[in-house]
Amino acid sequence: MASMISILLGFVVSSIIFIFFLKKLLSFFSTHNMSEVSMLPSVPAVPGLPLVGNLLQLTEKKPHKTFTKWSELYGPIYSIKMGSSSLVVLSSNETAKEAMVTRFSSISTRKLSNALTVLTCNKSMVATSDYDDFHRSAKRCILNGLLGANAQKRKRHYRDALIENVTSKLHAHTREHPEEPVNFRAIFEHELFGVALKQAFGKDVESIYVEELGVTMSKDEIFKVLVHDMMEGAIDVDWRDFFPYLKWVPNKIFEARIQQKHKRRLAVMNALIQDRLKQNESETDDDCYLNFLMTEAKALTMEQIAILVWETIIETADTTLVTTEWAIYELAKHQHVQERLCQEIKSVCGGEKIKEEHLPRLPYVNGIFHETLRKYSPAPLVPIRYAHEDTQIGGYHVPAGSEIAINIYGCNMDKNRWERPEEWWPERFLDDRYDTSDLHKTMAFGAGKRVCAGALQASLMAGIAIARLVQEFEWKLRDGEEENVDTYGLTSQKLYPLMAIINPRPSS
Ligand code: HEM
């Protein structure tokens, strides 16, 4: 018995000793790996001033452009100081993909400005949430309920109606004001917003009574509150973003401005949601994203549902407009591209109006779409990411706590990757290297697990719009239009709406 006990004791003691050594061994290897990362060289830093760092060098208000200029001096990865925070800037496909794909597990979270924290209801949107259970279930919803291939098939009639309405308004313009330039944005934006509302609530909305504000709003006013004011708010800068240790100092004017936008947006969303819920009582056709979320995502609060539905509205209404407007601007400027496009459409569609089914056989339309995305990426900077643990990019050590800016504009303007990047030249995508169906010829939609969920919808809408608008009209720029190429704030949106002279083509 005693020997039995001593055998057991011996076994227990040797197991403890074994586990102790195993733990030591594992901890040696894990610290060894960590120290391997921290022994890598530091990311090259752009010289700046004490306290403010490089903030004063970013006064041009187009950070993606300044970042791209700096990448020519400091390389595809460098760091800057934005007040007290360190921002690592990536401006090449290789470094951007490494951050978005290979090192994703270390830098999957977001760092939001104070303005975005309020406007996204503290990361309650797919695009701005951290990579967690909320993100995974919300992304599944947006793909199954709206943006995935099957859902997009169900929403086809909305896209068909969009292009019919736009072209018939343009024809009306040529009949009523044949000599006058047309404001393309005003027409396209209105119709696109209509699609965004139909996808969200199952119907376009001409006006709504907003009980919380005590006013009836027209569709244009709804657009202003849900899209325009939000875009303006998203780029609003709070100086405390750069000095978090001073966050206790009040910035009342900024806070009031952002809170007002946020509350008005929620009030309008609530009115639209109540309107749709009332309609559900009498209608059998309930196919809309709001109803999808109400039935499929029961754990969400009403505020989360409102923000997730609003997200689809702002994303539909903005990015596709930016791309289509710039494409039409470049087509109007480059008559030979318009001619070549007409020839391609004629050879594939004959006298028939172009439809989505034709798109895979129209490589030039595809080239125009991707070349426009390359030169005018609607999201020139990916929403800032955050390294929550030590990691590496491009062979450099990126310490935990660094913010990461992926400069899509810089990737798409990289001289080492693109021949004559400043030039808008759709032929570059006719090269055999590029597959027509590949939506990721440029970095415009991001990459990896957080790649854009709306790429398919955007390519269908913008592709058809580009082709139909040229199939039916000849486009020319109004005199002086070429000087109006500035962009709005930190975005890629054209600062001044495109004003073009249009003539119906003989066959249309
Ligand atoms: C030309 C049009 C568009 C461009 C260039 C674009 C670009 C982008 C980019 C750069 C990202 C960030 C990717 C990242 O963080 O790695 C993104 C994310 C996203 N986009 Fe788009 N987008 C477009 C259209 C749309 C549309 C029409 C919708 C929806 C209606 C949409 C929905 C989303 C969503 C939900 C995400 C978040 C994905 C995630 O975090 O998992 N996008 N988009």
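Read-outs: derived from the displayed coordinates by stated rules, not from any lab. Note that the structure is a prediction, hence the values are computed from the model and not measured. Note: ideal-geometry Cβ built from the backbone for every residue, glycine included; neighbour counts use all protein chains shown.
Laid out as a table, the results:
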item	result
Gyration tensor (alpha-carbon) shape descriptor, segment 370-451, a/c threshold 1.5	prolate
Ordering of 211-219, 442-450 by burial proxy (mean other Cβ atoms within 10 Å per residue, highest first)	442-450, 211-219
Which of Thr491, Ala458, Asn407, positive extreme of dipole for the chain (C-beta unit charges)	Asn407
Over segment 175-281: Kirkwood hydrodynamic radius from C-alpha pairwise inverse distances, Å	16.4
Per-residue HN-Hα couplings for segment 443-448 [Karplus 6.51, -1.76, 1.60; θ = phi - 60°; Hz; x = Gly/Pro]	8, 4, 9, x, 7, x
Total charge dipole magnitude, the chain, about the Cα centre, Cβ charges on Lys, Arg, Asp, Glu only, Debye to nearest 20	1240
Anisotropy class of the chain from Cα gyration tensor, a/c 1.5 cut	prolate
Segment 132-180 versus segment 301-334: alpha-carbon centroid distance in Å	10
Relative packing of 432-439, 353-360, 94-101, which averages over residues the other C-beta atoms within 10 Å, highest first	94-101, 353-360, 432-439
At R0 = 35 Å, FRET efficiency that the Cβ-Cβ distance of Ala186 and Arg433 yields, to 0.05	0.35
Loop-located GluC sites (Glu not before Pro) in segment 298-328 whose Cβ has at most 15 other Cβ within 10 Å (DSSP)	none
Estimated FRET transfer efficiency (Lys263, Ser347; beta-carbon r; R0 51 Å; 0.05)	0.40
³J(HN,Hα), Karplus 6.51/-1.76/1.60, whole Hz, each residue of segment 298-304, x for Gly, Pro	5, 6, 6, 7, 4, 5, 4
Amide H contacts under 5 Å for Tyr78, placed H, 5+ residues apart	Val89
Gain upon complete extension [Glu212, Arg361; 0.36 nm per residue less C-alpha separation]	48.6 nm
Distance between modelled label sites at Lys61 and Leu49, nm, 7 Å Cα→Cβ extension	2.0
Efficiency of FRET from Cβ geometry, Ser38 and His177, R₀ 56 Å, rounded to 0.05	0.25
Cross-link pairs beyond the 20 Å C-alpha cut-off, checked among Lys97/Lys415; Lys139/Lys375; Lys355/Lys449; Lys62/Lys139; Lys61/Lys252	Lys139/Lys375; Lys355/Lys449; Lys62/Lys139; Lys61/Lys252
Mean separation of Cα contacts under 8 Å, 6 or more apart, over the residue count of the chain: relative contact order %	24
Charge sum, other residues only, whose C-beta stays under 14 Å from Lys203's C-beta, Lys/Arg counted +1 and Asp/Glu -1	-2
Cα lying deepest toward the dipole's positive end in segment 268-340, options Gln279, Thr301, Ile313, charges on Cβ	Ile313
Computed [θ] at 222 nm, deg cm²/dmol, the chain (DSSP H ≥ 4; -39,500 (n - 2.57); rounded to nearest 500)	-16000 deg cm²/dmol
Rounded, prolate or oblate (a/c below 1.5 giving rounded, otherwise prolate when a/b exceeds b/c) for segment 58-98 by Cα gyration tensor	oblate
Those GluC sites (Glu not before Pro) in segment 153-189 that DSSP places in a loop and that have at most 13 other beta carbons within 10 Å	Glu179
Test item: Cα-centred dipole of segment 89-164, Lys/Arg +1 and Asp/Glu -1 on Cβ, debye	260
Integer Hz, Karplus 6.51/-1.76/1.60 couplings in order for segment 414-427, x for Gly and Pro	5, 5, 6, 10, 10, 6, 6, x, 5, 8, 8, 8, x, 4
Compactness relative to 2.2 N^0.38 Å, alpha carbon Rg of segment 80-158	1.40
Arg417 paired with Val485, simple spin-label distance in nm, labels 7 Å along Cα-to-beta-carbon	2.1
